[in-house]
Structure formats: C-alpha cells, structure tokens
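Okay, structure first, notes after.
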2 protein chains.
Amino acid sequence: MSAKPVVLKLGGSVITHKVKPFTPNLKAIRRLVNEIASAHVARLVIIHGGGSFGHPLAKRYAIREGYNGKASQALGLAETHQAMVALNKFVVDSLIHRKIPAVTLSPSSFIITKSGRIHTMPEEPLKKLLQLGFVPVLHGDTVFDSDLGFTILSGDQLIAYLAMRLNAARVIVGVDVNGLFTADPKTDSSAKLLSHINLERLRRMQQQLEEAKVADVTGGMLGKIKELILAVENDITALIVNALKPKSVYKALKGEKVSGTLIEKG
Amino acid sequence: MSAKPVVLKLGGSVITHKVKPFTPNLKAIRRLVNEIASAHVARLVIIHGGGSFGHPLAKRYAIREGYNGKASQALGLAETHQAMVALNKFVVDSLIHRKIPAVTLSPSSFIITKSGRIHTMPEEPLKKLLQLGFVPVLHGDTVFDSDLGFTILSGDQLIAYLAMRLNAARVIVGVDVNGLFTADPKTDSSAKLLSHINLERLRRMQQQLEEAKVADVTGGMLGKIKELILAVENDITALIVNALKPKSVYKALKGEKVSGTLIEKG
C-alpha cells in the first residue's frame, strides 16, 4: 500500500536556459513532465533547482552569506524568492496540465536553517500530501536562518534531507551531464563515466574535489556529492542521470537500466 | 523598538475583478501598494483573499467540503492552489516593485487545519520575517486538514488567528463596501453605516444574520463578523474600510480618521 517514496531532483540547468536569465526551458520541462506522468510512480516528491532564475539574483545580493542589515539586500531576498516562485509556477502548471496533482511546499514558508543547514521542518503537510496521493514539489529557495538571518537552501540539500526524513528508497538526480566521471570530461578527454560506485569511492571523490579547490559556486557536483553522501550513508540509493537526454528520467523512475551513475552504500 | 504588528486584509473582491475569472484588479493593487508604501508601518502583515481567482475553482471542486477520494478533485485542489499563487504573485511583485520586502508564507505549506479551523501553525518563519523587517504576505488557500483531508482556509480566519498569535494591536479589513450597516444597504435605503460598535453589538449582528439565513457562500460579512469577534474578544481593535476608496487603507494604516466601521471590545 504505502510504497517507499522516490525523490526526484530536476536540476536548474535542465529546466532553465543557463545563459539567458529568467528563461525556463519549457521544452525540457514539458518533456520531463510527460516522462514523470508516464512512469506512474506511486509516491513521488519532486525538487527543482534555481538555474538562471535563482542563481544570478542570489549571487548579486549575496543571500547565501546571510543578512547584512541593509534594506537593499532584504529587497534582494524578496526578489530572489519571487524568481524561484516564478520558475516553480512553470513546473507545477505543467505538471497539473498533465493531470498530476502537484502542490508546491514553499521551503521558506516552513523550513528554518541554522548556519545554512536544515534545522526545523514540520513534516505534517508533506506527509499529508503524500498520504493523499499528491505530488509535493519543493525547490531551492531563500530561507530564514537562526544564525545568519537568512540564507540559501539548495535543492541538493533538500534531496538528501527529504529522502532521509521520508525513508525514501532512492533519489534520482537529473542533471545536464551524464553522471560522475573519473576526471572532468570537459577538460580531460580520457575521463570515463562511473556507472556504479560505492560510498567509499564517493567519499574519495569528495576529497579529491576539495583538494583540487575547484570553484563550485553554483552548488555543482561537489555540493551534490556532499549531500548525496549523507543520503547514501542512510542506505538510500542515488542515481545521477542526464535529464536533458529524453527517456533518462523515465527509465530511472521505472527502475529500468539507464546510462548514469548509480551510487550505493556497499 | 518592536511595535505591535498591524494585520491588513485586502479583500479578494478588491484586488480582483469579481465578474471576470482570473483577472486581477491591477489598478487597485497598485494604488493599495502605494498607500501601504506611503504609510510606513513598522511591522505589517498582509493577508489577501481569493476573489475571482480562488472562489470559482474552490466551488467547482467543492474543496471546502473535504476530500472525496476522487483524482479529479485532487487535481482541482492543485489548480485552486495555483490560482491563488498566481494572484499572490501580482500582489507581491507589486509590493517588491514599490521596494517593500514582501515574502509570501504559503498557508498550505505550513498550516494544518482540523475540521476547517487552524490546528497547527509553526510560527518561526513568520516571527523571523517580522523581526528582520520583512512584510509577510499570506492568503486564503487550500490547506490540508486532519479530519477532512483538505479544505479551504479563508483569509478572514487568517486575520483573526494571526492577530491573536502575533499579539497585534489592530486589524484592518479592506472590503468593497463602506463597512457594517444597520441593514443591507443594497436592498434597504434606510440602512445606516455603523461607524463605531462594540463586541456586544457585533455579537447581536451575528445572531441577526444567522437568523436571517442570508446566503454567505463566499465567506462575506457573516464569515468576517464571526472571525472578527474572536479577535475583538482578545482586545484587538478591528477596522473595516472600503479599500476601493482611495486613501481609506492609507488613513487606516496611519491611524487617521477614516470612514468605516471601528469595532472595539468595550
């Protein structure tokens, strides 16, 4: 009756056009929504990132760094949140159009962080939504923080946290690359896709990335890896797939064989 | 330093065109936002109704009556909530445009009702917003209910509840009529505006309206009166003004003399 929920992340770089601020990738959104509708997952939670809606504003107003006491920054937070609401509306309207009863849970309305980590999250609305057969949709957001005043809560932190709180079976992370590689495929032609790795390997990868001090301002792969480690430690399977490739998310949702990186604890 | 908050309701019949579904009254919204900006209230909470965005859908899908187990109704709830999000976006974008740091707290994300009455509402995000100088914006919404599955939470229930929880000094209720009258001004030409009434008189009025069994499906005056009684019992002053009349909301916010109905306990 109550299957374990699946948590699906749609990366901001998938559902928006990276280089054009405030431009949703409507073609990708509609295709992904069709794939989600066709997969008929019993209990699904969707989380999406900010892409070219959230990131430029969050960066311009230094929201992640916390409140500096200036009215202009407070207004910047309001703008950044509204940009995320605007992007979320494209996603949810599209889901509803495909007859999926999607309801947004707006993170800033109910999650409080402490130094950037989720501190309190009343779970009753989320559990009620799943219990009644709705598809809860959350997104990276500006949130209020007990130490910083406010900050940014990334979609990636949400995936791992929700997966653990909801005792999810697995998380599917849809990004704009094919998965994790042995090296950076953009600069190293010998880089190979890692199709199946364990927790130990993931931890080594985190260490390597940190030592390389690769700039990762947008919460890219290093940020994702750090969060996924927390989920995998809790026996949740994580699958990273290229959501820009048609059918990848569909296959991942159905549990079919798909190109990408599967991460398991053992 | 921390002045008592003022709770302002903008009626759905003020900020939308009643007869045209899904049409915001942008002229009224912009004027009201200018009045709010000019009044410079230290701690303000804004609540708005659903008007022609929320009501037709809520009625079509019988959301208030609770979940009937049908997928079509669940999808109807998702649609109704999205309509409220769309209306809320016009209000909040307009506030931000006037440099008011407005952030929506989406009721369905954090409020659970029990048989239609607010049962749990974590108050940390709301208090944090006010403490940092933001203007929280809430709205009538579809919410999850521990008895009914889901239902409608009216903006009117929110006014009284938030005023009590936040220990507000006063609530200002902006509607599309001039206030409370001795009779229905639309049908009785001898009806007189009640400019100042006490709790006892308000209770008598509730009784009369209930005995008259006036249809009040939209949570109109009888709904408002019932909720306001709860606030006034708790020593909160309520002022009903015609928000379609320019300067009424401004004067009410400034505490200046204004035409309308003032309700006090004593």
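The values are calculated or read from the model by the stated rules, or taken from the named source; none is laboratory data. If you're wondering where the values come from, they're calculated on a predicted model, not measured in any experiment. FYI the Cβ positions are ideal-geometry reconstructions off the backbone, even for glycines, and counts take in every protein chain you see. The protein model used for the area step is the full one, side chains on, heavy atoms only, and it has no ligands, DNA or RNA in it. Shrake-Rupley method; radii C 1.70, N 1.55, O 1.52, S 1.80 Å.
Any idea which of A:7, A:45 is among the aliphatic types (A, V, I, L, M), touching a strand residue (DSSP E or B) at 6+ places or on another chain (Cβ under 8 Å) and more than 26 Å from residue B:92 (Cβ to Cβ)?
On inspection, the qualifying residue turns out to be A:7.
Return yes when residue B:209 is at pLDDT 90 or above and surrounded by 17 or more Cβ atoms within 10 Å (Cβ to Cβ) and no when it is not.
For residue B:209, the condition - at pLDDT 90 or above and surrounded by 17 or more Cβ atoms within 10 Å (Cβ to Cβ) - is not met.
Only one of B:156, B:141 is out of contact with any Leu (no Cβ under 6 Å at 6 or more places or on another chain), open to solvent by less than 40 Å² (accessible area, probe 1.4 Å) and of a type in the set (Asp, Glu); which?
Exactly one residue qualifies, and that residue is B:156.
Considering only residues that are within 7 Å of chain A (Cβ to nearest Cβ) and either among the aliphatic types (A, V, I, L, M) or surrounded by 24 or more Cβ atoms within 10 Å (Cβ to Cβ) (or both), which ones fall in the range B:87-103?
B:92, B:96, B:102, B:103
Counting just the residues of the range B:38-57 that are over 13 Å from the mean Cα position of the chain (by Cα) and of a type in the set (A, V, I, L, M, F, W, C), which one comes out most open to solvent (accessible area, probe 1.4 Å)?
B:42
Give the range B:67-81 a look and list any residue that's within 11 Å of chain A (Cβ to nearest Cβ) and open to solvent by 10 Å² or more (accessible area, probe 1.4 Å), or say none.
Within the range B:67-81, B:67, B:69, B:70, B:71, B:72, B:75, B:79 meet the criteria.
Could you say whether any residue in the range A:62-80 is over 22 Å from residue B:127 (Cα atoms) and either part of a strand (DSSP E or B) or touching a helix residue (DSSP H, G or I) at 6+ places or on another chain (Cβ under 8 Å) (or both)?
Within the range A:62-80, one or more residues are over 22 Å from residue B:127 (Cα atoms) and either part of a strand (DSSP E or B) or touching a helix residue (DSSP H, G or I) at 6+ places or on another chain (Cβ under 8 Å) (or both).
Are there helices (runs of 4 or more DSSP H) fully within the range A:147-266 with at least 2 residues that are closer than 25 Å to residue A:122 by Cα and under 14 Å from the mean Cα position of the chain (by Cα)? List them.
In the range A:147-266, the matching helices (runs of 4 or more DSSP H) lie at A:155-165, A:221-233.
Filter the range A:112-145 for residues that are at the interface with another protein chain (Cβ under 8 Å from one of its Cβ atoms) and part of a loop (DSSP other than H, G, I, E, B); which is nearest to residue A:78 (Cα to Cα)?
Among them, the one singled out is A:122.
I'd like the full set of residues that are more than 15 Å from residue A:38 (Cα to Cα) and surrounded by fewer than 16 Cβ atoms within 10 Å (Cβ to Cβ), limited to the range A:246-264.
The answer is A:257, A:259.
Listed here are the residues, each with its yes/no results for (1) exposed (fewer than 15 other Cβ atoms within 10 Å of the Cβ); (2) touching a Pro at 6+ places or on another chain (Cβ under 7 Å); (3) of a type in the set (Val, Ile, Thr).
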{"residue": "B:176", "(1), (2), (3)": "no, no, no"}
{"residue": "B:187", "(1), (2), (3)": "yes, no, yes"}
{"residue": "B:190", "(1), (2), (3)": "yes, no, no"}
{"residue": "B:237", "(1), (2), (3)": "no, no, yes"}
{"residue": "B:242", "(1), (2), (3)": "no, no, no"}
